[in-house]
Structures are given as C-alpha cells and as structure tokens.
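Please read the structure below before turning to the comments.
The values are calculated or read from the model by the stated rules, or taken from the named source; none is laboratory data. Here the structure is a predicted model, which is why all the values come from computation and not from measurement. Backbone-built Cβ (ideal geometry, glycine too); neighbour counts: all protein chains shown. In case anyone asks, the SASA skips ligands and DNA or RNA and just uses the protein heavy atoms, side chains included. Shrake-Rupley method; radii C 1.70, N 1.55, O 1.52, S 1.80 Å.
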Amino acid sequence: MTSLPAHGRTQPGRADPARSADRDGGRPLHAVLLSGVADGGRLVEPLARALDGTGPAILPLDAGLPAARIRQLIDVFQPGVVIEADGEATVRSTSPGISPGTAVIITTSGSTGEPKGVELSAAALSHSAGASLARVGARPGERWLLSLPASHVAGVQVLVRSLLSGTDLGLAPAATADALAASGCAHISLVPTQLVRLLEEPGGTAALAGFSSVLVGGAAAGATVLDRARAAGINAVTTYGMSETCGGCVYDGVPLDGVRVRADDEGRLRISGPVLMNRYYGRPDLTGDALDGGEFVTSDLGSVTGDGRVVIRGRADDVINTGGHKVIPGEVAAALSSCPGVREVVVVGRPDPVWGERVTAVVVPADPTDPPGLELLRIHVRETLPRYASPSEVELTEAIPVLPSGKPDLAALKKARTLRQREQSRARSVN
C-alpha cells in the first residue's frame, strides 16, 4: 500500500477557473493517461489545480485501453496536452479549449462505441465530496484509500474527498486483505465484486471491519452479501449515482444533502441538485435529452417511498422482453442474490428464436463442486416475482467479467453462446 502526501491547497472549487483560460476564452484541457489504480496518485496535483482554478481542466484516461481507442478519445476531446503514463507530455498544435466552468471530463460508454464526455464543474465535484464526507461522518485527519481506477468518476471522487479532507491519499492497487489492513486509512470505496472477494479472502472481513465506512457502488450489491458484511461489523454503505451526478449521490437509499430524486410518470428516476454535470462535451443534442428542466433524466427505473427513500428497480434499457412480458434484470438478480449457493449473480437477456429474449442468470457458485441448479433458481425467483421472470437458462462461471470501472460487462454477458455451450450449461444446472 502506497501513501501520497496531502496537497497544500484547501477548499477546491473556490477560485475562478478563468484564471487558466487560453487566449480564445476557453479553458485549457490536459489529458492524463493512468495505468490502473497504482497510477492514481499522479492525478492528485493536476486535479487539485483543476479544482482551485490555477491549472487546466483534466481528462483522465485509462492507459490500458487499446491504442486505437485512446487515439479516438484524443481526437474527440482535443486536449491541448497529452501526459502519457510515463509522465512524458506531448503538446498538440491545435486545441479549442473547453468551457471555463468545467474542471474534469469523465468519458463514458464503456470500452467500445461512441464516447461521451461528461463535463463536471469544480463546484459540483466539491459539493458531492463534501456531502459524502458529512454523510459518512468522516472526522478530521481520517484518510481515504484508493482501490478504484482514477480514470472513472468513483476513483476521482476518492481523490476529491482526500483533497477536501487535507489528508494523505492511500493507494491499494490490489484490494487485498493485507493491503487494506496495512493502509492506515479509515474510508474506502469498492465495487460489489471487490466486496465479495474480500469477504471470501482470509482476513478480508476483519480488514474491512477496521474501516469507518466502506462505500459500495458502481452496480447493485446483493442483499445477502450486504447482510453478511454488516453482520460482521462492516459499515457497508450502498451508493447510487453515475458520472453525470459526480458519482454516488444516494447513500443507503437516502439522497445526499442538496440532492433531490423523483420518479416521473414512466417510472424513470430524475435527479436534481448541485451535483449535476454541466453538459456532454460537444453534444448539445444529448445534453438536451439528459437535462430536462434542471433535472438529469436517468436510464434507471425506480420509485421514492413516502419517507424519501429511493428504490432502484433496474435500468430501463436493460429490460428483457420475453414472450411479451417485460422483466427487469435487476429485480431478478436481487431475488437470486439470496438464493442458497449463489455467491455472485448477474441477469441478462439473450436472443431466443421463440421468446425473443430469454432470461439468463450468470452465476458464480459459492461452492463450485455443488452449484445451484436451474430449478432451484427458478423456484427461488417465483417466491417474489412472476413466473415469467424466472430464468430459463443458467450459466455457471468462475468470475463475472467486468469493465475497467469494475462494473459487470453486460455487453459480453448478453452475447449468445453456441447451442452446445447452452446445452452443457443446462446439463450442469440440473445435475
């Protein structure tokens, strides 16, 4: 575990970003390529300067992306300077700069497809980080441990919280029990897969219990895993949010201070408050669709209870249409997460010639020698959901494939396998 000294500045976001604007009135933009979590410390200084307005805006990029993808991102966002993973800086001859109000651009869309750049202001990032510190009850001098890539919003926010706290940043390139126990940090942010693996690792539960707060976000965490963690004395706090809201803006179902969440007539969640993005870079069409009347229109279906608690059902664009019925994968996965023998599970729709799509459960069994069968999974789902929502296929796997951000790689999971592979999976599931 590595530790980095705290930056000397305080109260990021208070200075005028225009102090670093170029002669055309746009703010300079520097791309910083980062090689995984271990390289996250290189972003601390440029991020601090981006937040207090004494430096350019920054575009953190994953150096592990394919070279063609990195070139595409550079061409789209046109940074004036590209800082390679080895620290070498290349000055580009032409760069239009960006809006003076933007401090950080976060890229979205996964590893393929058309990239979108989420422009975040210093004020939004700082409000989000400050509200997070207040919600978890962070005390003066308590340090944060970075275990997520700083090229994604969750990692960036760990850095912002550390800067606001004026504390040294801890680095854990491998989120192992030993690394966490030796970190000397009080707070950490994880994705559910990391939490599951730490609970299974010898010493992992004790290491996690030593933290004042363990934020868990990026994807839905299973109820069984959360119950197990909390029963062991781990202060696991679920977070919900996205790049467009500076990361997590709802903690354990309760919006952070200043954040408001409501469900519209279609059941989509809408978020408003001081944590919202400015815009999508160079895409006024997408910005107009996403920001409606001061609210960010999410892709998530959910509801808000009478006491203000936010309930997430799942993504609207992931809904499975099977035999004319609509199934929300997140609800099925939530039900399966408490099924005996299930360690991790993701539910996706795969093409089916008869039903249009079939409900597929991709399961990491708790005991590979005695995995849960398809019929057990179906019975378990039917206890709380309609019969048509129960999986018609189960795929057993050693690990859920994930994106660099730590989220499940749904595109890979949705790909239909060969008939032979499906038959083998069904055979395993009923034996």
(request) Give region 69-104 a look and list any residue that's under 17 Å from Pro404 (Cα atoms) and either in contact with a Phe, Trp or Tyr (Cβ under 7 Å, 6 or more places away or on another chain) or not basic (Lys, Arg) (or both), or say none. (result) Ile70, Leu73, Ala85
(message) Return the pair list, or none, for Cβ contacts closer than 8 Å from residues in region 153-169 that are within 17 Å of Ile106 (Cβ to Cβ) and free of Cβ contacts under 8 Å to residues at least 60 places away in the same chain to residues that are open to solvent by less than 10 Å² (accessible area, probe 1.4 Å) and of a type in the set (Asp, Glu), at least 6 apart or on different chains.
(response) none
(request) Give just the number: which of (1) under 15 Å from the mean Cα position of the chain (by Cα); (2) at positive phi; (3) small (Gly, Ala, Ser) does Gly166 not satisfy? (result) (1)
(message) Condition first: in contact with a strand residue (DSSP E or B) (Cβ under 7 Å, 6 or more places away or on another chain) and open to solvent by less than 10 Å² (accessible area, probe 1.4 Å). Now tell me which residues in region 112-131 satisfy that.
(response) Gly117, Val118, Glu119, Leu120, Leu125, Ser128
(message) I'm checking my understanding of the structure. Among residues of region 400-416 that are hydrophobic (A, V, I, L, M, F, W, C) and not in a helix (DSSP H, G or I), which one is surrounded by the fewest Cβ atoms within 10 Å (Cβ to Cβ)?
(response) Ala416
(request) Report the residue count in region 390-399 for those that are of a type outside the set (Asp, Glu) and either exposed (fewer than 12 other Cβ atoms within 10 Å of the Cβ) or more than 10 Å from Thr360 (Cα to Cα) (or both). (result) 3
(request) Could you list all residues from region 365-377 that are open to solvent by less than 50 Å² (accessible area, probe 1.4 Å) and either of a type in the set (Gly, Ala, Ser) or part of a helix (DSSP H, G or I) (or both)? (result) Gly373, Leu374, Leu377
(message) Looking at the structure I just gave you, is Leu159 in a helix (DSSP H, G or I) and open to solvent by 10 Å² or more (accessible area, probe 1.4 Å)?
(response) no
(message) Which of the numbered conditions does Gly137 fail, given that it passes all the others? Conditions: (1) under 21 Å from Ala85 (Cβ atoms); (2) surrounded by fewer than 21 Cβ atoms within 10 Å (Cβ to Cβ).
(response) (1)
